[in-house]
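Presented below is the structure to which this report refers.
The values are calculated or read from the model by the stated rules, or taken from the named source; none is laboratory data. Keep in mind it's a predicted model, so treat the numbers as computed, not measured. Here the Cβ is made from the backbone with ideal geometry for all residues, glycine too, and neighbour counts use every protein chain on show.
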Amino acid sequence: MSDSFLLIVGAGFAGSVVARELADTGRRVHVIDKRPHVGGNAYDEHDAHGVLVHRYGPHIFHTNGERIFDYLSRFTDWRPYEHRVRGVVDGQEYPFPINRDTLTQLYGIELDEAGAAAFFEQVREPRDPIRTSEDVVLNSVGRDLYEKFFLNYTRKQWGLDPAELKAGVAARIPVRTNIDDRYFTDTFQAMPLHGYTRMFENMLDHPLITVELGVDFQDVRDKIARDHTVYTGPIDAYFGYRFGRLPYRSLRFEHEHLPGLERFQETGTINYPNDHAYTRITEFKHLTGQVHSGTSIVREYPQAEGDPYYPVPREENEALFKRYEELAKAERDVTFVGRLAQYRYYNMDQVVGAALAAAKRLLG
Ligand code: FAD
Ligand code: UDP
């Protein structure tokens, strides 16, 4: 077994964590990625002006999993960072997720915690069962807040109504009766001190790991002799789209540098639920703490075509995924892991958890 040779497809979180785990136990591992860099969608780089940016949109690390945070801490130091977001409605910026201050600013009402709970109780439209993202939001905050903050953002982001998406999508966003305006409340919230790419380089820096970039699995799948494959790309592509395409939502990222402007916006991200073709603008210096005389921002424009970024959580898509998953189970010498291969709306920490579990299974 120690002479076994593994091929790993994809150098993102899923592929890199499995690669490292197996190499640490004496296996030889070859990692390929069709992109010219490691890191998958978490890849970051200095733009032409020297500002550290995330090529594929803002990535903020947060987890409640101490084991996962400790694991990644082997490969990076951290900079504490708590992400904050505002949502723009009728030209005004409001704290988002919705909290007591959002209500105060929107409706001019001063409430204590119990008062905010009573407010939500009064405006909510109880739904039972809660199946869709529309159910989630109407059930917790009612129609006015739904229409102001959720309906159009969701239509833009997914090209679907909240009623057409599973509950889990909107359930990512909490509703608060306190005035906590952080986007996440996880125990560990931090950014890799020298960026994600450096962390991935450290993870893959091992005598038993080789990395080859700019290589598409489709071009080499019959050419590389191996004992096992770990596949982290889209599962439908692996099987030649045999049952038809699984929908993945894509984005176009519009990066911009603003010379001579130290701060563009007050918080890391501003969401635009009702205006513009983009969903949100992120200013990277908030996330990284970098000091620079200019600043760099990114706008995210959702689209159907393009690189696959999000699985689309709907019943019918999950049914199609299940059919591919059956094929995957029969593929004895291949492990499918990651956001695209498992068709799950995973955050980075969840992918690390899934990859650690996959490596453990592989090692018996
Ligand atoms: P990926 O990072 O997609 O890696 C898969 C790799 O496989 C890619 O590099 C791809 O090029 C390669 N590949 C695919 N097919 C082939 C092939 N045929 N041959 C060779 N290589 C191939 N998570 C958070 O926790 N916090 C955030 O703030 C956050 N923000 C996000 C913002 C955006 C815009 C997006 C899209 C995602 C965000 N995420 C965030 C989620 C995070 O990006 C993912 O959970 C994580 O990167 C998934 O890792 P992965 O290894 O499964 O997949
Ligand atoms: N959402 C919304 N309005 C917002 C922010 C989010 O309606 O201002 C909904 C939308 O459906 C989105 C989902 O909540 O896709 C999850 O948001 P999150 O910020 O977690 O998305 P991600 O960062 O993964 O793109």
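What number of residues within segment 89-135 satisfy the criterion of being more than 17 Å from TYR146 (Cα to Cα) and over 30 Å from the mean Cα position of the chain (by Cα)?
Number of matching residues: 9.
Out of ARG221, ARG249, ARG182, I need the residue that is out of contact with any helix residue (DSSP H, G or I) (no Cβ under 8 Å at 6 or more places or on another chain), within 16 Å of ligand 1 (Cβ to nearest atom) and within 22 Å of GLN342 (Cα to Cα). Which one?
Details: ARG249 fails: out of contact with any helix residue (DSSP H, G or I) (no Cβ under 8 Å at 6 or more places or on another chain); ARG182 fails: within 22 Å of GLN342 (Cα to Cα).
Just a single option satisfies the conditions, and that option is ARG221.
How about segment 199-303: which strands (runs of 3 or more DSSP E) wholly inside it have at least 1 residues that are closer than 25 Å to GLU325 by Cα, over 25 Å from the mean Cα position of the chain (by Cα) and modelled with pLDDT of 95 or more? Even if it seems obvious, please write down each step before you answer.
Numbers: elements: 209-213, 228-231, 248-258, 269-271, 280-283, 295-303.
So the answer is 228-231.
Could you run through segment 16-63 and say how many residues are within 12 Å of ligand 1 (Cβ to nearest atom) and assigned to a loop (DSSP other than H, G, I, E, B)?
Total satisfying the criteria: 14.
Out of the residues in segment 306-352 meeting the condition of being in contact with a helix residue (DSSP H, G or I) (Cβ under 6 Å, 6 or more places away or on another chain), outside any loop (DSSP other than H, G, I, E, B) and more than 16 Å from ligand 2 (Cβ to nearest atom), tell me which one is nearest to ALA163 (Cα to Cα).
TYR324
Any idea which of PHE13, PHE5, PHE96 is buried (at least 22 other Cβ atoms within 10 Å of the Cβ) and in contact with a Lys or Arg (Cβ under 8 Å, 6 or more places away or on another chain)? Spell out the reasoning first.
On the way: PHE13 fails: in contact with a Lys or Arg (Cβ under 8 Å, 6 or more places away or on another chain); PHE5 fails: buried (at least 22 other Cβ atoms within 10 Å of the Cβ).
On inspection, the qualifying residue turns out to be PHE96.
Starting from residues that are of a type in the set (Phe, Trp, Tyr), more than 29 Å from GLN303 (Cα to Cα) and buried (at least 19 other Cβ atoms within 10 Å of the Cβ), keep the ones in segment 41-82 and report whichever is farthest from ligand 2 (Cβ to nearest atom). Working first, answer last.
Of the residues in segment 41-82, the ones of a type in the set (Phe, Trp, Tyr) are 43, 56, 61, 69, 71, 75, 78, 81.
Still in the running and more than 29 Å from GLN303 (Cα to Cα): 69, 71, 75, 78, 81.
Keeping just the survivors that are buried (at least 19 other Cβ atoms within 10 Å of the Cβ) gives 69, 71.
Values: PHE69: 20, TYR71: 22 Å.
Here the residue is TYR71.
Which pairs have Cβ atoms under 7 Å, sit 6 or more apart or on different chains, and link a residue in segment 147-166 that is touching a residue at least 40 places away in the same chain (Cβ under 8 Å) and under 14 Å from PRO302 (Cα atoms) to one that is surrounded by fewer than 20 Cβ atoms within 10 Å (Cβ to Cβ) and among the aliphatic types (A, V, I, L, M)?
That search, which allows pairs on different chains as well, returns GLY159/ALA304.
Hey, among ILE130, ILE109, ILE98, which residue is part of a loop (DSSP other than H, G, I, E, B) and free of Cβ contacts under 8 Å to residues at least 24 places away in the same chain?
ILE109
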